[in-house]
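The values are calculated or read from the model by the stated rules, or taken from the named source; none is laboratory data. Since we're looking at a predicted model, the values are computed, not measured. We place every Cβ from the backbone using ideal geometry, glycine too, and count neighbours over all the protein chains shown. Just so you know, the surface numbers come from the protein's heavy atoms only, side chains and all, with ligands and any DNA or RNA stripped out. Shrake-Rupley method; radii C 1.70, N 1.55, O 1.52, S 1.80 Å.
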Amino acid sequence: MKSRAYRWVAWLLFLIAAVIAISCFSLLVGSSSIPFKNIVDVVLRREPCAEYSIIFDVRLPRILLAFAIGGSLSLAGVILQGMFRNPLVEPYTLGISGGAAIGVCLNIVFRLSNSLGVLSLPVCGFLGALSVVVLVYTLSVKRGILKIQGLLLTGVMISFISSSLIMLIMAVSRTEDLHGIVFWIMGSLEEPNNALILLSLGVSIIGLTVSYLFCIKLNALALGEEEAIHLGINVEKSKRFLFIIASLLTGFSVSVVGIIGFVGLVIPHCMRMLVGRDHRILLISSFLGGASFLIASDTLARTVIAPVELPVGVITGLVGGSVFVYVLTRRQILPKGK
């Protein structure tokens, strides 16, 4: 027991150190590199200058947002994979991202930002995601029982319908609106509103805290619903709360930064390989791992062809997809070629 506790503490310290190291590296690099000594001087003096503006107005907000969104998406992935007992389920499987994308597309097409302000974009995205959550939940509840397989199939179908509606909106959109839709769909951490960044941090921390109340229940659900009932778990109540937590984390994340794929799919798998399947350590480890991964991906997106910036969703797709195929092949889940 003690050896397992020591092992968990060691992994947590390592992951915290990784987040700090990657964040510091992200502050240093970019189209304008800043030596570490200069960063220390700027932070201590806090006098307005070009380097001060780059650090506190550009890079630090992106790091904080990447920390919040990466942690939220990875946490949602762990919760959903634990609920469904399916390693291929991710936060976007249930169609939540499609609902958010439709809300944002309608906002862009009808130019609501001009009359309602910049915050109307994430608000419309969140309302779209929330609408899909309510729809999927309503269609999947039969006589007070949340059907897990029905929930998954309904979410997948709504995701396909949402994709078709998005393509329809793009087909009839003006050229300037089409650019905004495509850029949002690819995902970006360039968020100028500091209040929204702080709200994202708050939502992610609250989501992590609340999900920890269900870590034992997730361990029981991993054994199967019948076994969880025998262990004294209120399965239906737990499934509802877990679905709501994962949906709200996903909906808020997508509404703020767009669709950033593979974070909620790849990171939980990697963390299971490192720290094990116990959700008492898996939840916090996945949160920190997702935060590190998205900060590193955003840094790569900013620097790989600087001064041109790539959408961070492109980097997470390429890197995350490659890592996922490698992990599955190594664990012999996918058939190896002869």
Check: Residues that are within 18 Å of the chain's Cα centre (by Cα): which helices (runs of 4 or more DSSP H) entirely in segment 36-127 hold 2 or more of them?
Finding: 60-84, 96-109
Check: Within segment 262-273, is even one residue without any contact (Cβ under 8 Å) to a residue 12 or more places away in the chain, of a type in the set (Phe, Trp, Tyr) and either surrounded by 15 or more Cβ atoms within 10 Å (Cβ to Cβ) or more than 24 Å from Ala21 (Cα to Cα) (or both)?
Finding: no
Next item on the list: Filter segment 103-119 for residues that are of a type outside the set (Val, Ile, Thr), touching a residue at least 60 places away in the same chain (Cβ under 8 Å) and open to solvent by less than 30 Å² (accessible area, probe 1.4 Å) and give the result.
Entry: Gly103, Cys105
Check: Is there a residue being at pLDDT 90 or above and in contact with a Lys or Arg (Cβ under 8 Å, 6 or more places away or on another chain) anywhere in segment 325-333?
Finding: no
Item checked: Unique match (being open to solvent by 40 Å² or more (accessible area, probe 1.4 Å), among the β-branched types (Val, Ile, Thr) and touching a Ser or Thr at 6+ places or on another chain (Cβ under 9 Å)) among Thr303, Thr250 -> Thr303
Next item on the list: Kindly indicate the residue of segment 157-179 that is of a type in the set (Gly, Ala, Ser) and either in contact with a strand residue (DSSP E or B) (Cβ under 8 Å, 6 or more places away or on another chain) or surrounded by 12 or more Cβ atoms within 10 Å (Cβ to Cβ) (or both) and also modelled with the lowest pLDDT among those meeting that condition.
Entry: Ser173
Checklist line | Which numbered condition Val182 fails, given (1) surrounded by 15 or more Cβ atoms within 10 Å (Cβ to Cβ); (2) at negative phi; (3) in contact (Cβ under 8 Å) with a residue 12 or more places away in the chain | finding: (1)
Next item on the list: Residue by residue through segment 1-29, note down the ones that are free of Cβ contacts under 8 Å to residues at least 60 places away in the same chain and of a type in the set (Val, Ile, Thr).
Entry: Val9, Ile20
Checklist line | Subset of segment 87-102 (residues that are over 14 Å from Val156 (Cα atoms) and open to solvent by 10 Å² or more (accessible area, probe 1.4 Å)) | finding: Pro87, Ile102
Margin query: Here's a check for you: in segment 141-156, which residue that is part of a strand (DSSP E or B) and at pLDDT below 85 is most open to solvent (accessible area, probe 1.4 Å)?
Written below: Lys142
